[in-house]
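Each remark here refers to the structure printed beneath this line.
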Amino acid sequence: MPLRDTLARIDADLAAGRVPLARQRLRGLVSSFPHDLALRRQLAEVYRLYGEPAEAGRWMYLEQDRDAAETAAFEARYRTASQRMRAPAWRGSESLARTAFAGEQLAAVRAACSEAMGRPVDWGTALSVEKEESRESTFADFLAGAGCLVAALVFLAIWVNGLIALFD
């Protein structure tokens with residue numbers, strides 16, 4: 001479906017109060033046209049209707065006239081540099097940005113992610129960064145689970161010992 005037709009449907013959805021459907025259509029358009037800042041701005045407006053400042057900040061992150069509170073909410077939700085690199089759903093280099101501010105923001109996010117990872121990353125490797133982080137968190141989750149299991153076994157042994165002492 002052509003962009004113009006989809007935008008007309010989004011306007012009709014919003015006018016009819018079908019905000020979730022409008023949001024879904026806009027997310028699809030941003031995925032298809034990641035460099036179109038107007039679509040991102042419109043998606044941020046829809047998230048404002050939901051009362052989601054973090055998501056509004058996410059989609060306005062590349063705009064110079066963004067709201068500081070929404071940006072702070074976005075940065076609080078997406079704490080790590082790699083999360084912030086994935087969040088805007090950008091594809092290609094920052095040279096594809098249509099404004100200087102957007103290009104600077106994208107370059108800053110990529111540089112922060114590269115520094116955090118200890119190696120250069122680009123917009124195409126953002127998913128591999130996610131896999132590395134999830135691998136680290138999976139190991140940490142395993143250690144936490146193993147610790148809980150050991151603690152449960154110790155308490156079970158104490159309980160069984162108490163039962164034996166009670167009936168002796």
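The values are calculated or read from the model by the stated rules, or taken from the named source; none is laboratory data. If you're wondering where the values come from, they're calculated on a predicted model, not measured in any experiment. Neighbour counts run over all protein chains shown; Cβ positions are idealised from the backbone, glycine included. These area figures cover heavy atoms from the full protein model, side chains too; ligands, DNA and RNA do not enter into them. Shrake-Rupley method; radii C 1.70, N 1.55, O 1.52, S 1.80 Å.
What does the charge dipole of the chain about its Cα centre add up to, to the nearest 20 debye, if the Cβ of each Lys and Arg holds +1 and the Cβ of each Asp and Glu holds -1?
Values: 21 positive and 22 negative charges, 105 e Å.
Here the chain has a charge dipole of around 500 debye.
From Cα pairs below 8 angstrom and at least 6 apart in sequence, can you work out the relative contact order of the chain, rounded to a whole percent? Mind dumping the intermediate values first?
Values: 148 pairs, mean separation 23.0, N = 168.
Contact order relative to length: 14 percent.
Which of 108, 12, 97 moves the most in a Gaussian network model of the chain with Cα springs under 10 Å?
The residue that fluctuates most here is 12.
Might you tell me the accessible area per residue for the chain, computed with a 1.4 Å probe and given in Å²?
That works out to 60 Å² for each residue.
Which listed residue (138, 97, 156) has the Cα farthest towards the positive end of the charge dipole for the chain, taking +1 on Lys and Arg C-beta and -1 on Asp and Glu C-beta about the Cα centre?
So the residue furthest toward the plus end is 97.
Once amide H atoms are placed 1.01 Å from N in the peptide plane, what residues at a sequence separation of 5 or more from residue 121, or on another chain, have their amide H within under 5 Å of its amide H?
114
Find, among the trypsin sites (Lys or Arg not before Pro) in the range 1-63, those assigned to loop by DSSP (not H, G, I, E, B) with at most 15 other beta-carbon atoms within 10 angstrom. Before the final figure, lay out each step's value.
On the way: sites: 4, 9, 18, 23, 25, 27, 40, 41, 48, 58; in loops: 18.
For trypsin sites (Lys or Arg not before Pro) across the range 1-63 that sit outside H, G, I, E and B with at most 15 neighbouring Cβ atoms in 10 Å, the list reads 18.
From the phi angles alone, apply the Karplus equation (6.51, -1.76, 1.60; θ = phi - 60°) to the range 109-123 and give each ³J(HN,Hα) in whole Hz, x where the residue is Gly or Pro.
5, 5, 5, 5, 5, 4, 5, 5, 7, x, 7, x, 10, 10, 5
What value, in deg cm²/dmol to 500, does the helix sum -39500 (n - 2.57) over DSSP H runs of n ≥ 4 give at 222 nm once divided by the residues of the chain?
The per-residue figure over the chain is -24500 deg cm²/dmol.
Starting at the first residue of the range 138-153, write each ³J(HN,Hα) from the Karplus equation 6.51 cos²θ - 1.76 cosθ + 1.60 with θ = phi - 60°, in whole Hz, x for Gly and Pro.
5, 5, 5, 5, 4, 4, 5, x, 5, x, 5, 5, 4, 4, 5, 5
Obtain the nm distance between the two label points defined at residue 143 and residue 156 by a simple spin-label model: each point lies 7 Å from its Cα along the Cα-to-C-beta direction.
Calculated label separation equals 2.4 nm.
Using a Gaussian network model of the chain whose springs link C-alpha atoms within less than 10 Å, name the residue from 83, 24, 105 with the highest mean-square fluctuation.
Checking each option, the largest mean-square fluctuation is seen for 24.
Taking the structure as given and computing Kirkwood radius over Cα pairs in Å, which label from [x] 18.9; [y] 15.5; [z] 18.1 fits?
From the options [x] 18.9; [y] 15.5; [z] 18.1, the structure gives [x].
Report ³J(HN,Hα) in whole Hz for each residue of the range 16-28, in order, from the Karplus equation J = 6.51 cos²θ - 1.76 cosθ + 1.60 where θ = phi - 60°; Gly and Pro get x.
Karplus-based 3J(HN,Hα) across the range 16-28 equals 8, x, 8, 5, x, 5, 4, 4, 4, 5, 5, 4, x Hz.
Hey, how many Å between the Cα centroid of the range 49-90 and the Cα centroid of the range 5-27?
If we compute the Cα centre of each part, the gap is 21 Å.
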